[in-house]
1. For the condition within 16 Å of the ligand (Cβ to nearest atom) and part of a loop (DSSP other than H, G, I, E, B), what is the one hit in K157, K143?
2. Output yes when any residue across the range 121-140 is within 14 Å of the ligand (Cβ to nearest atom), touching a strand residue (DSSP E or B) at 6+ places or on another chain (Cβ under 6 Å) and of a type outside the set (S, T, N, Q), and no when none is.
3. So which residues in the range 282-332 are under 22 Å from F342 (Cβ atoms), surrounded by fewer than 16 Cβ atoms within 10 Å (Cβ to Cβ) and not aromatic (F, W, Y), if there are any at all?
4. Only one of (1) open to solvent by less than 20 Å² (accessible area, probe 1.4 Å); (2) assigned to a loop (DSSP other than H, G, I, E, B) fails for S138. Which number is that?
5. Out of (1) in contact (Cβ under 8 Å) with a residue 40 or more places away in the chain; (2) assigned to a loop (DSSP other than H, G, I, E, B); (3) out of contact with any Phe, Trp or Tyr (no Cβ under 6 Å at 6 or more places or on another chain), what's the single condition that is false for G47?
6. When you scan the range 281-293, do you find a residue that is within 16 Å of the ligand (Cβ to nearest atom), over 26 Å from Y199 (Cα atoms) and free of Cβ contacts under 8 Å to residues at least 12 places away in the same chain, even just one?
7. Looking at the range 231-265, which of the residues that are under 27 Å from N218 (Cβ atoms) and open to solvent by 20 Å² or more (accessible area, probe 1.4 Å) is farthest from the chain's Cα centre (by Cα)?
8. Cβ-Cβ below 9 Å, separation at least six or inter-chain, first residue in the range 158-177 and touching a residue at least 60 places away in the same chain (Cβ under 8 Å), second in a helix (DSSP H, G or I): which pairs?
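The values are calculated or read from the model by the stated rules, or taken from the named source; none is laboratory data. This one's a predicted model, so the numbers in the text were calculated from it and none came from an experiment. Using ideal geometry, Cβ is built from the backbone for each residue, glycine included, and neighbour counts are taken over all protein chains shown. The area values use the complete protein model at the heavy-atom level, side chains included, leaving out ligands, DNA and RNA. Shrake-Rupley method; radii C 1.70, N 1.55, O 1.52, S 1.80 Å.
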Amino acid sequence: MKKATHNSIFILLFLIIFGCGKENNKQDISGKMENVHTSDYGVMPKGDSIKKYTLSNKNGMKVEVINFGGIITSLTAPDRNGKYEDVVLGFTKPEGYFDGNPYYFGALIGRYGNRIANAKFTLDGKTYEINKNDGPNSLHGGKEGFHTRFWNIEVVKDAKFPTLKLSYTSADGEEGYPGKLTTTVFYTLTDDNALEISYEAETDKPTVVNLTQHSYFNLSGNFTKTITDHELQINADHFLPVNETLIPTGEQKAVKGTPFDFTVSKPIGKDISADDDQLKKGKGYDHNWILNGKGLRSIAKVYHQGTGRSMEVFTDEPGVQFYSGNFLDGKFDTKTGGKNEFRTGFCLETQHFPDSPNQPSFPSTELKPGQKYQSKTIYKFSVKK
Ligand code: BGC
């Protein structure tokens, strides 16, 4: 008995002196809680080790981010019974991300999110050929876009809410783009269950930039279920029709009277199989909506009736790519069993319009030395009873 008491005191002292793990979950001198936990995530084939950063808020919501691709590997949200479940698609094993991540699950996308026609553009009279990785076009920054790069991650010490600062410097000429681009992204998890993402970039030569986040959501929390029952509303009166290779034709078409009308909330699946040339070209929804209004504003709402989960998206970008997961093809396991099948996740990628560098009537994506690229998007989760 006496020996057991001695042992317990010894263990207690050991824990007090050496701590119990790498958890940063302690009160700092300014009195704030640091709710960021760092752990080992995996080892790349060439031996580089990858870290995972878990942000938690006071409600118990958690967001997990890795320093490979700035990828969000997990994000939990409450259902109407207060149960927090993972609502973003991802791989079951780190190798899924390291071996090319063909769906761009959860990744930061750059230097140019979405497509650039024929993988070229002209700036100040000079034509740049960038890497093709999508038929004749360049998609999401090329084969080794920002989703395949190591991001330096720092935990921001004096932030009001748990915040990560991710930095990546893209060399002049990387993937064919001109200019050394210094990129910083902040991920913040607030106490009202919002993930705020702020993007910043600067260049030393004129270039083009369009940064976004490629998380796929399935608010049911069951990744084997399709997302066609989710109700979606997008604050956009117009969208951008595309050609066969998903490059905007340049037309800005009114959504009224088309399957692209989400001005009033409706299930994603309601019109997705309509006999419509644009839906055929996208194999479903894979288009950019021209968002109404300007500045940081609410642009979309999604509601999953089965669980009561709802998500609202805010951005200061002019467009959003609503992609209904039409290229998910069941090749990989999901985190909740089964395979990542057709339309088991959707993306709302806030951004400037696709192919802007070749379409002078679109808002410009050019960044010049001395200018600062800044953009912000918020994904906010709540419950409808
Ligand atoms: C694009 C899709 C593409 C997908 C890749 C989306 O942003 O709009 O066309 O297949 O990314 O996973």
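1. K143
2. The answer is yes; a qualifying residue exists.
3. Within the range 282-332, K283, Q305, G306, D329, G330, K331 meet the criteria.
4. Of everything listed in (1) open to solvent by less than 20 Å² (accessible area, probe 1.4 Å); (2) assigned to a loop (DSSP other than H, G, I, E, B), S138 misses just condition (2).
5. Here G47 meets the rest and fails (1).
6. Scanning the range 281-293, I find no residue that is within 16 Å of the ligand (Cβ to nearest atom), over 26 Å from Y199 (Cα atoms) and free of Cβ contacts under 8 Å to residues at least 12 places away in the same chain, so the answer is no.
7. The qualifying residue farthest from the chain's Cα centre (by Cα) is T258.
8. Short answer, once both residue conditions are applied: Y168/F146; S170/F146.
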